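Inspection log for the structure reproduced underneath, given as structure tokens.
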């Protein structure tokens, strides 16, 4: 999920601000609330995102190549049909 360092930084800052006060429970609850909130967001790591971006890039390249190939085949089909059809009568 998200880098655990972010949660540690937030926790450290909250600890400094309210050291040994009733806010310790608030810190604990806030941390749990943030963790739960981030979990519900269904986030991905940067590494997972980069991998999917690469997969998408390769898929686009393949799609472009296939579109070009289909265009070539359609042109060839049209040429064969034109060459093989009898002349039009006027």
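Brief remarks on what is shown
- Any hit, the range 59-71, residues being within 30 Å of residue 3 (Cβ to Cβ), without any contact (Cβ under 8 Å) to a residue 60 or more places away in the chain, in a helix (DSSP H, G or I) and out of contact with any helix residue (DSSP H, G or I) (no Cβ under 6 Å at 6 or more places or on another chain): yes
- Contact annotation: no residue pair with Cβ atoms under 9 Å, 6 or more positions apart or on different chains, pairs a residue in the range 1-21 that is outside the structural domain of residue 32 (by TED's automatic domain parsing) and over 12 Å from residue 34 (Cβ atoms) with a partner that is at pLDDT below 75 and in a loop (DSSP other than H, G, I, E, B).
- Taking the range 1-23 as the range and being part of a helix (DSSP H, G or I) and modelled with pLDDT under 70 as the test, only 23 passes.
The values are calculated or read from the model by the stated rules, or taken from the named source; none is laboratory data. Please read these numbers as outputs of a predicted model, since none were measured by experiment. Because the Cβ atoms are built from the backbone with ideal geometry, glycine has one as well, and the counts that use them run over all protein chains shown.
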